[in-house]
1. List pairs: first residue in the stretch 150-172 and open to solvent by 90 Å² or more (accessible area, probe 1.4 Å), second residue outside any helix (DSSP H, G or I) and of a type outside the set (A, V, I, L, M, F, W, C) anywhere in the structure, Cβ distance under 7 angstrom, at least six positions apart or on different chains.
2. For the stretch 44-65, give me the residue count where each residue is over 18 Å from the mean Cα position of the chain (by Cα) and surrounded by 20 or more Cβ atoms within 10 Å (Cβ to Cβ).
3. Taking the stretch 194-225 on its own, how many of its residues are charged (D, E, K, R) and crowded, with 23+ Cβ neighbours inside 10 Å?
4. Which numbered condition in (1) out of contact with any helix residue (DSSP H, G or I) (no Cβ under 8 Å at 6 or more places or on another chain); (2) farther than 25 Å from Ile117 by Cβ; (3) not hydroxyl-bearing (Ser, Thr, Tyr) is the only one that Glu235 fails?
5. In the stretch 120-135, is there at least one residue being under 14 Å from the mean Cα position of the chain (by Cα) and within 26 Å of Arg41 (Cβ to Cβ)?
6. Could you list, ordered by first residue, the pairs with Cβ atoms under 8 Å in which the first is in the stretch 123-135 and closer than 21 Å to Asp208 by Cα and open to solvent by less than 10 Å² (accessible area, probe 1.4 Å) and the second is of a type in the set (D, E, K, R) and part of a helix (DSSP H, G or I), at least 6 apart or interchain?
7. Among the residues that make up the stretch 180-188, is at least one of them open to solvent by 70 Å² or more (accessible area, probe 1.4 Å), part of a helix (DSSP H, G or I) and under 22 Å from Lys111 (Cβ atoms)?
8. For the condition in a helix (DSSP H, G or I), under 30 Å from Val238 (Cβ atoms), open to solvent by less than 60 Å² (accessible area, probe 1.4 Å) and touching a Gly at 6+ places or on another chain (Cβ under 8 Å), what is the one hit in Leu140, Leu119, Leu102?
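The values are calculated or read from the model by the stated rules, or taken from the named source; none is laboratory data. Predicted model only: the values in this text are computed from it and were never measured. Here Cβ is always computed from backbone atoms with ideal geometry, including for glycine, and neighbour counts include all displayed protein chains. The protein model used for the area step is the full one, side chains on, heavy atoms only, and it has no ligands, DNA or RNA in it. Shrake-Rupley method; radii C 1.70, N 1.55, O 1.52, S 1.80 Å.
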Amino acid sequence: MPTKKDDVYGDHISHKFNDELMELKTEFLKMGGMVEAQLERAIEALVDGDGYAADEIRANDKKVDQMEIEIDEEATLIIARRQPTARDLRLVISVIKMVADLERVGDEAKKIAKLAINLSEEGHAPRGYVEVRHIGSHVLALLHDALDAFARLDSEQALRIMKEDKRVDEEYQAAARTLLTFMMEDTRNISRCMSVMWVLRALERVGDHACNIAENVIFMVKGEDVRHTPVEEAEKVVGR
């Protein structure tokens with residue numbers, strides 16, 4: 001976490017405003033931790049064939065949804081009460097955007113849990129679990145690092161996440177091709193293999209959401225929107 005000296009969002013004359021901004025950041029990180037845990041447990045439930053754990057994950061998704069609503073309300077109240085400008089407005093607006101990404105990561109975790117339940121009932125798919133473990137570990141690391149970049153207002157780490165997301169896309173495409181080839185060679189397991197394919201797709205989307213969070217961190221720190229721009233352009237912004 002940033003120190004008082006380093007936290008540029010904690011130097012207002014109004015101590016109450018400082019507290020409100022810090023509380024907003026804390027609640028966002030708390031939601032991030034919950035979503036991260038949900039995703040990790042969903043991957044484990046799928047690989048272990050644990051339908052009971054997967055069912056718990058689906059039920060807990062309501063808590064993630066509630067946190068999104070509460071953080072949105074908190075951010076809206078700050079805008080209404082404080083009428084923030086410049087860097088403070090960037091923080092509040094970015095949190096509103098990033099909390100939507102976290103909620104969608106929670107949705108992807110719920111989707112994986114549902115597929116885990118289906119596979120626990122149908123039986124393990126013959127292929128794809130190694131790829132699920134590998135890509136799952138990769139996107140979990142990206143999500144964790146994105147939350148850490150937010151906590152420390154680290155635009156350089158955010159840039160590294162943007163670059164890593166390209167690798168996740170490549171890994172997903174390679175895994176999908178391998179699984180499709182297997183299904184073409186052995187059509188008896190298409191249904192179960194398709195479930196694994198949807199899991200891989202969900203994980204790839206988690207990487208996209210982690211990248212979105214990273215882009216918003218750069219916007220918060222540098223004041224420039226790097227969405228829909230090449231990584232090379234983002235490098236120039238971070239280097240300024």
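1. Every condition considered, the pairs that remain are Arg152/Pro2.
2. Selection size over the stretch 44-65: 3.
3. Our first condition is that a residue be charged (D, E, K, R); within the stretch 194-225, this holds for 201, 204-205, 208, 215, 222, 224-225.
Then drop every residue that is not crowded, with 23+ Cβ neighbours inside 10 Å, which leaves 215.
Counting residues in the stretch 194-225 that are charged (D, E, K, R) and crowded, with 23+ Cβ neighbours inside 10 Å gives 1.
4. Of the numbered conditions (1) out of contact with any helix residue (DSSP H, G or I) (no Cβ under 8 Å at 6 or more places or on another chain); (2) farther than 25 Å from Ile117 by Cβ; (3) not hydroxyl-bearing (Ser, Thr, Tyr), the odd one out for Glu235 is (1).
5. Here is the first cut: in the stretch 120-135, the residues under 14 Å from the mean Cα position of the chain (by Cα) are 135.
Remaining after also requiring within 26 Å of Arg41 (Cβ to Cβ): 135.
Yes, that holds for at least one residue.
6. Within 8 Å, the pairs are Ile135/Glu171; Ile135/Glu204.
7. Within the stretch 180-188, one or more residues are open to solvent by 70 Å² or more (accessible area, probe 1.4 Å), part of a helix (DSSP H, G or I) and under 22 Å from Lys111 (Cβ atoms).
8. One residue alone meets the criteria, Leu102.
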